[in-house]
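Following: one structure in structure tokens, then a few remarks.
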Amino acid sequence: MRETRTRVCAIALMVVLVLSVISVGAAAPALADDSPPEVPAAYYGEITINGEPAPVGTEIIALVDGEERGSITVTEPGQFGGPSIDDDKLEVPGSSDDAGESVTFEVNGQELEANQAVEWESADLQEVTLTGDDIGFPFIEAAIDEAESTLEVEPNDTATVVVEIENTGDAPGESAVEFELDGDLEETVELELDDGETETVSFDVTLSEEGEYEALVRTVDDEASATISVATDDPTPAPPAPPASPDDPDEPDEPTEPPAIPVEPDPNADYSEERRAAFDPEVGASTVTFSDDSPVVSIAFQSEESIDVLVQRYDVAAPPKGVRQVPGDGLTLQRISVSEGFEKTAGTIRLTISGDDDVDTDALTAYRFDDVDGVWDPLESEVVEVDDDRIVLDVETPRFSYFAVAETAQPTAVIDVDPDTTFEEGETVTLSAENADPGSGEMESYEWTLDGAVVGDTETVDIGSNLEPGTYEVELTVTNDGGNSDSATETLTVEEGEPPADDPVGETHETEIAVTDSGGEPIAGATVEIDGETYTTDEDGVVTVELENGEYTATITADGFEDSTQDITVDGEDVAIATELASVEEDDGTSWLIWFVVLLVIVALIAGAYYVYTERGGELSGNR
């Protein structure tokens with residue numbers, strides 16, 4: 001009987017011990033999971049690439065011990081992020097295992113040099129200056145392969161635009177390739193290209209109406225265009241003329257019928273006239289003369305063949321579909337179509353425009369519309385006649401399409417410097433072309449250079465923060481939509497700045513501390529202790545104190561949150577700091593479970609001791 005009780009007690013004791021071990025093992029992971037996540041480190045500062053402020057769009061990658069952790073895109077030349085609470089920052093998440101690990105920075109896969117060693121620490125906020133030399137950038141170029149494309153189709157047939165997309169830069173890159181038709185986006189393809197890599201992309205489009213359509217392919221860096229022509233082929237071409245009779249060799253050959261003109265008269269044109277050019281031995285070229293009402297007086301082709309010619313005049317303010325607005329102040333617009341196969345024949349066109357006392361004949365420019373690139377190209381021209389009724393120009397053209405004459409005053413480049421052309425090292429000045437005159441038409445492009453290096457392509461540009469003392473020449477080149485350009489220069493002088501004076505004794509700087517929870521919500525009523533002084537955050541979770549230059553440690557506490565410390569450095573300017581507090585997790589029963597297990601173990605031990613004591617007492621009594 002005594003032996004049975006012994007076994008039962010031993011088994012009960014073992015069960016209690018096993019359950020205790022299992023319970024403690026189950027509680028350990030729960031306790032381990034209660035540790036709060038680490039607050040990311042954050043960085044901001046200046047970045048210089050190849051000696052110039054990094055351009056907008058540059059992506060900076062941050063790596064911890066070689067592993068990519070975060071990125072930021074440059075939105076202002078030479079700057080990434082900022083110190084204020086509202087500024088973006090290069091945030092780098094991590095864990096306690098990353099503490100002290102090296103943080104490095106890259107652009108386009110190439111490492112940048114930092115002005116100081118950067119090591120990852122939770123909630124660290126650092127200003128870092130990054131420099132990179134020989135950093136490559138991608139350039140995604142687009143070129144339409146007209147030989148492989150199908151640009152002339154009949155209604156309801158499919159036109160195909162074949163484009164060669166090449167990365168001509170010196171770094172891998174990616175770009176969306178957009179296909180537009182008359183300004184409407186039709187399709188987009190995403191590409192990633194190594195430097196030097198080329199990929200062919202095809203775009204198909206079916207058009208039901210006759211006419212000409214402008215196809216435009218655009219990448220992040222470049223664009224190319226072509227004209228898609230939709231027309232019905234003439235099913236019954238004119239038969240060739242019969243040969244001369246072999247019986248009479250002295251009889252002159254009858255003229256051969258020229259090929260048909262591949263376009264029909266446009267009902268939207270306000271004037272249309274068709275004539276045939278024939279060879280003129282005295283001139284040594286095929287010539288044709290039009291009626292007095294025509295905007296074209298005559299044409300002399302560099303050919304001896306007969307050529308049919310169709311002249312159609314349009315309202316210069318409402319060009320046909322697919323034709324861009326005439327640059328400058330347009331005066332006349334006409335299309336000259338010729339027999340198929342003669343479109344690329346050079347010639348001299350004599351054009352006429354209405355005489356007007358207000359027209360400046362020295363500012364007249366003749367243009368031909370480039371069907372492939374979709375732009376107006378200026379042509380060599382000369383005013384040969386001026387009277388009260390009309391102005392006549394002779395225009396040299398390499399081929400035939402649309403032609404226009406416009407009054408095009410040259411643009412005038414003007415540089416304004418704010419605040420002054422002389423400034424101290426480290427300061428920034430704004431260069432502006434706001435007062436530049438576009439002449440006739442509108443301004444199309446700007447180019448700023450500093451000592452020959454391009455520094456901007458917008459109306460205004462900021463420079464100077466990274467310039468060393470010395471003199472620099474700034475040049476501005478402006479181009480209007482008529483293809484006319486003008487340049488202006490200005491000299492900038494950068495002087496050595498005076499060394500900063502020591503802060504007067506007792507001068508303070510505003511230090512703003514913003515306290516939030518891990519979700520970014522402000523914590524009102526948090527206590528901030530600095531050098532024995534205690535402050536309390538307002539309803540926005542912010543406390544503002546005045547501190548002299550020096551190093552400080554702020555201890556931050558709040559009900560329901562873990563305590564935190566924040567290092568503060570005041571060095572001659574106001575400081576803004578953001579800190580997050582981790583929530584104290586509520587007791588989920590784990591601590592109670594541990595105490596219960598401990599209590600079970602103690603009870604088991606006491607029961608075991610009592611059992612041993614009673615057993616030994618019984619044995620002693622029996623012996624006695």
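Quick one: Cα centre-to-centre distance for the range 306-347 and the range 64-89, in angstrom?
Here the answer is 53 Å between Cα centres.
Can you give the local net charge around V311? Use residues other than it whose beta-carbon is closer than 9 angstrom to its beta-carbon, Lys and Arg +1, Asp and Glu -1.
Numbers: positive: R275, R313, R335; negative: E273, E274.
With Lys, Arg at +1 and Asp, Glu at -1, the net is +1.
Compute the signed sum of charges (Lys and Arg +1, Asp and Glu -1) over the other residues within less than 9 Å, Cβ to Cβ, of L450. Each step should come with its number before you reach the end.
Numbers: positive: none; negative: E52, D451, E473, E475.
Value of the local net charge: -4.
If amide hydrogens are placed 1.01 Å from N in the peptide plane, which non-local residues have theirs closer than 5 Å to the one on V118?
Amide H neighbours of V118: V103.
Based on DSSP, what percent of beta bridges with both residues in the chain are antiparallel, to the nearest 5? The partial results should precede the final answer.
Details: 165 of 183 bridges.
Roughly 90 percent of the beta bridges in the chain run antiparallel, per DSSP.
Assign unit charges at the C-beta atoms only (+1 for Lys and Arg, -1 for Asp and Glu), then state the dipole size of the range 140-230 relative to its Cα centre in Debye, rounded to the nearest 20. Write down the numbers at each step before the final one.
Values: 1 positive and 31 negative charges, 26 e Å.
Here the size comes out at about 120 debye.
Between the helical axis of 2-32 and the dominant principal axis of the chain, each derived from Cα atoms, what acute angle in degrees is found, rounded to the nearest 10?
For 2-32 against the chain, the angle is about 30 degrees.
So, with +1 on the Cβ of K and R and -1 on the Cβ of D and E, and no other charges, what is the size of the charge dipole of the range 416-495 about its Cα centre, to the nearest 20 debye?
Taking the Cα centre of the range 416-495 as origin, the dipole is about 160 debye.
Here are labelled values, (i) 324; (ii) 315; (iii) 255, and one is the computed volume of the Cα convex hull per residue in Å³ for what I pasted. Which one?
(ii)
Would you be so kind as to identify which of V603, A62, V217 lies farthest towards the positive end of the dipole of the chain, taking Lys and Arg as +1 and Asp and Glu as -1 on Cβ and the Cα centre as origin?
V603
Pairs of Cα atoms under 8 Å, at least six residues apart: use those to get the relative contact order of the range 140-230, whole percent. Walk me through the intermediate numbers first.
Working: 234 pairs, mean separation 33.3, N = 91.
It rounds to 37 percent for the range 140-230.
May I ask for the percentage of alpha-carbon pairs in the range 140-230 that lie more than 21 Å from each other?
Numbers: 1183 of 4095 pairs.
Of the Cα pairs, 29 percent sit more than 21 Å apart.
Using only Cα atoms and rounding to the nearest 10 degrees, what angle (0 to 90) does helix 590-623 make with the longest principal axis of the chain?
Relative to the chain, helix 590-623 is tipped by roughly 30 degrees.
Which one of P83, G196, G51 has its Cα pushed farthest toward the positive end of the charge dipole of the chain, where Lys and Arg give +1 and Asp and Glu give -1 at the Cβ?
P83
The numbers here are math on the coordinates, done by the rules we state, and not lab data. Since the structure is predicted, the reported quantities are computational estimates derived from the model, not experimental observations. Because the Cβ atoms are built from the backbone with ideal geometry, glycine has one as well, and the counts that use them run over all protein chains shown.
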